[in-house]
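Working notes, structure below.
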C-alpha cells in the first residue's frame, strides 16, 4: 500500500466539498451549476492516477458528470454518487450549511449525508492504494441533478455509456445494503371550467366540484392499483398515491373556473411509469366526458423507475456479507434504475441516515466512516484487484 499524501485528509476533503454550493432545483432561481464540485473531485482523482472525463449534460445547462477510471479491460466496479444537494433554508440551521462543523461526534453541513460525504470516504480509501494494484476497471462516477431531474443519470443512458458490471450508489442507508426501491411518478391535473356569479350555478361550470369527483375517482383507482400486487420487502407493501396540493378559485362568490391537483404515486418494481400515467389520465378523461370541463396534464418531471436487483446477484451477496445485514428496500428513489438499464447490477449502500437528509442541521455520524471505508476497501479488492 502507498498512501498519497498530496490528497487532503477526509475531513478536509469534505469541508472543501461542503463549501462549494451545488443546489439543483426545478425552480430556476434556486438552481446552481455543479462544475466546481466536479472539478475539485477530478483534481483529486487525477492526482491518484485516474483517467478523467468531464461530461457536459445537454439537458441541464451548466451541469456535468465526472467519469474517472483506473484499471483496464471490461467489466469492473462503479462507485457512484451525486454532486448536487437540495435547496436549503439558512434561517433554520444552527450552523453555517456551507461550513463543515464537528460536534457531538457528528459532521454537520448541507450534503454531508446526502451525499457529498460518500466521496471523501472513497478517496480516503484510494489514498492507501497504489494505482498499480487496480487491475480491473474501477470507476468513480459523480453525477448531476439527482435531486431534481436525474439529468446526469439519464445522459449516461442516452449516450449508452457502458461502465462496470456492478455499481454501488453511496446514498445514505445507515450502512445497510439496499437492492430495491419503489418508482416515483408525479402528475399535475388541471381542470378548466367556466367562472360565473355564485348566485346562479347555471352561469358557470365549477372546476373545484369537478376536481372533487376526480379525487374520488382516483381514490377508487388507487384501491385497484394496490390490489394488483404487493411486495412484503417494503415497509408499505403496495403502491401508494398521495394527493399533495390543490389550488383553485379566487373568491367565495365566484364559480371556480380552474383547479389544479398534484399527486405523487410510488409504485412497485414490475410496474412502469408511462402505463400508470396513461391509466391516471384515462380515468380523469372518462370522468369529465360530457361535463363541459376540459383537462390539462403536466408530468412535472418524467419520474423515476423502480429498482430491483436480484438477491442472487454477486454484489448483493457480497454486500450482505460485508455489512452483516440482509439486503432490503427503501422508500426513496435513486439513480439505480438507470444504471441497471446500462447493464450494471446495482446496490445502494452508504453512510448517513436518510432521515436527516433534506433537513436543516443535516449531519453524518463520525462512527459510520470507518465501517464504510472497510466496505469500500473490500469491494475494490474483490472486484478490481488481484489481491486475496
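The values are calculated or read from the model by the stated rules, or taken from the named source; none is laboratory data. None of the values given here were measured: they were computed from a predicted structure. Neighbour counts are summed over all protein chains in view; Cβ atoms, including those assigned to glycine, are modelled from backbone coordinates with ideal geometry.
May I ask you to say which residue of 158, 224 is in the same structural domain as residue 376 (by TED's automatic domain parsing) and without any contact (Cβ under 8 Å) to a residue 40 or more places away in the chain?
Values: 224 fails: in the same structural domain as residue 376 (by TED's automatic domain parsing).
From the options 158, 224, the qualifying one is 158.
Which of (1) surrounded by 24 or more Cβ atoms within 10 Å (Cβ to Cβ); (2) assigned by TED's automatic domain parsing to the domain that holds residue 25 does residue 139 not meet, given it meets every other one?
Unmet for residue 139, out of (1) surrounded by 24 or more Cβ atoms within 10 Å (Cβ to Cβ); (2) assigned by TED's automatic domain parsing to the domain that holds residue 25: (1).
Each row is one residue, and each column tells you yes or no for (1) touching a residue at least 40 places away in the same chain (Cβ under 8 Å); (2) within 17 Å of the chain's Cα centre (by Cα); (3) crowded, with 23+ Cβ neighbours inside 10 Å.
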site: 25; (1), (2), (3): yes, yes, no
site: 55; (1), (2), (3): yes, no, no
site: 85; (1), (2), (3): yes, yes, yes
site: 89; (1), (2), (3): yes, no, no
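Restricting to the range 273-312, name every residue that is more than 30 Å from residue 195 (Cα to Cα) and assigned to a helix (DSSP H, G or I).
Scanning the range 273-312 gives 273, 274, 275, 276.
Would you confirm whether or not the range 68-75 contains a residue that is more than 21 Å from the chain's Cα centre (by Cα), farther than 24 Å from residue 340 by Cα and surrounded by fewer than 18 Cβ atoms within 10 Å (Cβ to Cβ)?
Within the range 68-75, the first condition is being more than 21 Å from the chain's Cα centre (by Cα), and the residues that meet it are 69-75.
Keeping just the survivors that are farther than 24 Å from residue 340 by Cα gives none.
No, that holds for no residue.
Can you tell me which of (1) in a helix (DSSP H, G or I); (2) over 27 Å from residue 305 (Cα atoms); (3) in contact with a strand residue (DSSP E or B) (Cβ under 8 Å, 6 or more places away or on another chain) is the one residue 107 doesn't meet?
Every condition holds for residue 107 apart from (1).
Right, residue 267: modelled with pLDDT of 95 or more, closer than 29 Å to residue 152 by Cβ and either within 20 Å of the chain's Cα centre (by Cα) or not assigned by TED's automatic domain parsing to the domain that holds residue 143 (or both) or not? Even if it seems obvious, please write down each step before you answer.
Details: modelled with pLDDT of 95 or more: yes; closer than 29 Å to residue 152 by Cβ: yes; either within 20 Å of the chain's Cα centre (by Cα) or not assigned by TED's automatic domain parsing to the domain that holds residue 143 (or both): yes.
Spelling it out, residue 267 is indeed modelled with pLDDT of 95 or more, closer than 29 Å to residue 152 by Cβ and either within 20 Å of the chain's Cα centre (by Cα) or not assigned by TED's automatic domain parsing to the domain that holds residue 143 (or both).
Looking at the range 171-191 only, could you name the residues that are buried (at least 24 other Cβ atoms within 10 Å of the Cβ), assigned to a loop (DSSP other than H, G, I, E, B) and touching a helix residue (DSSP H, G or I) at 6+ places or on another chain (Cβ under 6 Å)? Can you show your working first?
Of the residues in the range 171-191, the ones buried (at least 24 other Cβ atoms within 10 Å of the Cβ) are 171-172, 177-179, 181-182, 185, 191.
Checking which are assigned to a loop (DSSP other than H, G, I, E, B) leaves us with 171-172, 177, 182.
Listed by number, the residues that qualify are 171, 172, 177.
Test residue 50 against the stated conditions and say whether it is touching a strand residue (DSSP E or B) at 6+ places or on another chain (Cβ under 8 Å) and over 22 Å from residue 386 (Cβ atoms).
On the way: touching a strand residue (DSSP E or B) at 6+ places or on another chain (Cβ under 8 Å): yes; over 22 Å from residue 386 (Cβ atoms): no.
No.
Among the numbered conditions (1) at pLDDT 95 or above; (2) touching a helix residue (DSSP H, G or I) at 6+ places or on another chain (Cβ under 6 Å), tell me where residue 303 comes up short.
(1)
Residue-by-condition table, conditions (1) at pLDDT below 95; (2) farther than 24 Å from residue 264 by Cα:
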{"site": "315", "(1), (2)": "no, yes"}
{"site": "331", "(1), (2)": "yes, no"}
{"site": "334", "(1), (2)": "no, no"}
{"site": "339", "(1), (2)": "no, no"}
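Just give me the residues in the range 91-104 being assigned to a strand (DSSP E or B) and crowded, with 17+ Cβ neighbours inside 10 Å, in sequence order. Don't jump to the end; show me each part of the working.
Taking the range 91-104 as the starting set, the residues that turn out to be assigned to a strand (DSSP E or B) are 101-103.
Once the filter is applied, which keeps residues that are assigned to a strand (DSSP E or B) and crowded, with 17+ Cβ neighbours inside 10 Å, the range 91-104 yields only 101.
Any idea which of 121, 168 is touching a residue at least 40 places away in the same chain (Cβ under 8 Å) and touching a strand residue (DSSP E or B) at 6+ places or on another chain (Cβ under 7 Å)? Walk me through how you get there before you give the answer.
Numbers: 121 fails: touching a strand residue (DSSP E or B) at 6+ places or on another chain (Cβ under 7 Å).
Matching residue, one of 121, 168: 168.
Considering only residues of the range 151-162 that are assigned to a loop (DSSP other than H, G, I, E, B) and at pLDDT 95 or above, which is surrounded by the most Cβ atoms within 10 Å (Cβ to Cβ)?
Filtering the range 151-162 for residues assigned to a loop (DSSP other than H, G, I, E, B) gives 159-162.
With the extra rule that they be at pLDDT 95 or above, the set shrinks to 159-160.
Numbers: 159: 13, 160: 9.
Across the range 151-162, the extreme among qualifying residues is 159.
For residue 270, only one of the following conditions fails: (1) assigned to a loop (DSSP other than H, G, I, E, B); (2) surrounded by 18 or more Cβ atoms within 10 Å (Cβ to Cβ); (3) out of contact with any strand residue (DSSP E or B) (no Cβ under 7 Å at 6 or more places or on another chain). What is its number?
(2)
So residue 329 clears everything in (1) in contact (Cβ under 8 Å) with a residue 40 or more places away in the chain; (2) under 20 Å from residue 81 (Cα atoms); (3) in a helix (DSSP H, G or I) except one condition, right? Which one?
(3)
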